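Structure first, then comments.
Here, each number is a calculation from the coordinates, and none is a lab measurement. The model shown is predicted, which means the values in this text are computed figures rather than measured ones. Cβ: placed from backbone, ideal geometry, glycine included. Neighbour counts: every protein chain shown.
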Amino acid sequence: MNLENFSGKRFLADWKDIRNILPSNDSAIECVIEFWKKCPTVNRAIDPTNADSWPSAWELIDSGLICRYALALGMAYTLVYADSSWWERVELVFAHTDSDQTLLLIIDKHWVLNYSYGEKQDIEQVEFRAIDRFVFDGKRFNEKEATRSKNAGNNNVLPEHGKKLSEWQKGVPKGPNSAERRKMRRKEKEKEKA
């Protein structure tokens, strides 16, 4: 597979080939990583927090603009449009990691791609805090189940299987909002003056 000319019909044909030959097991993940790892990258091509603005798989490939966020999107598209769909859930999570913000690809709440470039990791071995979650609905990724909550510092970001997001969020401690923080500071200042 020659990716020197990333955009256009040749890459689209290569992308179709990789989707047709993916194995029906975890080794498909390595194939997808290797395929997308060869793509030239740009600084920023998509907004990782706005799924409505994301290009379709075909638009992404045709543009040839692959950034770190678009890399996760491209790998996700490859898996969801593959002939062999052995996974139950593919989701993209915009998250804070130890050193960065990134778009992670999470497969069956077990494998994490795009946490470290060109590697897959077990979800139990990585730490991140989700900002937004995007689940594939059969046509596109959407944020119906977005986690826009004030759960700073909580690393257990993904709901367990079978729980609704609202049930999961009930157990997440919430910090004070900005009005509550101002009120607390005012009370502290009043105590200092007294």
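Things worth noting here:
- By other beta-carbon atoms within 10 Å, ranking ARG140, ARG129, ARG19 with the fewest at the front produces ARG140, ARG129, ARG19.
- Pairs beyond 24 Å (Cα-Cα), from LYS16/LYS109; LYS9/LYS38; LYS16/LYS139; LYS38/LYS120: LYS16/LYS109
- For the peptides 35-46, 66-77, 112-123, the ranking by mean Cβ contacts within 10 Å, running from highest to lowest, is 66-77, 112-123, 35-46.
- Measuring r between the beta carbons of CYS67 and LYS187 and using R0 = 45 Å, the FRET efficiency lands at 0.50.
- Karplus 3J(HN,Hα) series, Hz, for the range 64-73 with 6.51 cos²θ - 1.76 cosθ + 1.60 (x for Gly, Pro): x, 9, 10, 9, 4, 6, 5, 4, 5, 4
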